[in-house]
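The next block holds one structure in the form of structure tokens; read it before the comments.
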Amino acid sequence: QKEVEQDPGPLSVPEGAIVSLNCTYSNSAFQYFMWYRQYSRKGPELLMYTYSSGNKEDGRFTAQVDKSSKYISLFIRDSQPSDSATYLCAMTPDTNAGKSTFGDGTTLTVKP
Amino acid sequence: TAGITQAPTSQILAAGRSMTLRCTQDMRHNAMYWYRQDLGLGLRLIHYSNTAGTTGKGEVPDGYSVSRANTDDFPLTLASAVPSQTSVYFCASSMGQGNTEAFFGQGTRLTVV
């Protein structure tokens with residue numbers, strides 16, 4: 001079983017919808033949780049970063065971490081066609097990007 | 001700002017041939033990484049370098065080698081390519097210990113036939 005499992009998708013939603021993207025993990029040592037966004041034929045780019053449990057909001061995006069359940073989520077409010085991309089969760093036990101374990105990604109399409 | 005530059009963008013390679021994927025960064029980051037991305041398997045770390053002059057093995061290092069002669073360059077070499085090495089390869093860098101963000105290049109699409 002993989003250390004990080006990500007809802008496979010794909011997801012297709014209408015413009016303006018609220019989107020929920022989710023990952024579960026098994027390694028209780030993970031302390032840092034990231035969400036990367038990857039547009040087609042591009043490299044991933046960091047979207048959100050959270051340390052330990054709690055919520056973090058950045059504009060239309062909210063990252064949520066529940067360490068007790070080993071579950072993280074990314075919520076996108078008022079989704080836009082420009083949000084269409086693959087979203088990758090990643091997590092690491094310490095502040096070393098090279099130790100990140102990535103989910104497989106969820107591909108989101110927001111239809112106008 | 002260029003960030004991370006990978007070359008070539010794509011390549012078709014005959015099985016058994018060797019190839020070097022190039023990666024250069026201009027951010028003076030200490031750490032650099034090579035990942036491969038495959039459908040259903042996500043991003044998997046091949047090799048990494050925490051600082052110039054050092055390298056280490058990641059999750060899937062077999063069939064690949066790297067070198068880190070200076071801060072900016074981190075080439076990945078396939079000595080004798082096999083079809084299972086068909087993938088999209090991403091080079092990434094980070095400031096190093098104390099920073100969780102990785103900056104990725106645009107990727108190299110490699111097809112081994």
So A:Q38 passes all but one of these: (1) away from chain B (no Cβ under 11 Å); (2) at pLDDT 95 or above. Which condition number does it fail? (1)
Would you be able to tell me the number of residues in the stretch B:47-61 that are surrounded by fewer than 16 Cβ atoms within 10 Å (Cβ to Cβ) and aromatic (F, W, Y)? 0
I need a count of the residues in the stretch B:88-111 that are more than 7 Å from chain A (Cβ to nearest Cβ), modelled with pLDDT of 90 or more and open to solvent by 10 Å² or more (accessible area, probe 1.4 Å). 4
Given (1) in a loop (DSSP other than H, G, I, E, B); (2) surrounded by fewer than 18 Cβ atoms within 10 Å (Cβ to Cβ), identify the lone condition not met by A:E5. (1)
Residue hits (the stretch B:66-87; surrounded by fewer than 18 Cβ atoms within 10 Å (Cβ to Cβ) and either touching a Leu at 6+ places or on another chain (Cβ under 7 Å) or within 7 Å of another protein chain (Cβ to nearest Cβ) (or both)) are B:P75, B:T86
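The values are calculated or read from the model by the stated rules, or taken from the named source; none is laboratory data. In this text the structure is predicted, and so the values were computed from the model without any measurement. Every residue, glycine as well, gets a Cβ built from its backbone with ideal geometry; the counts of neighbours run over all protein chains shown. The area values use the complete protein model at the heavy-atom level, side chains included, leaving out ligands, DNA and RNA. Shrake-Rupley method; radii C 1.70, N 1.55, O 1.52, S 1.80 Å.
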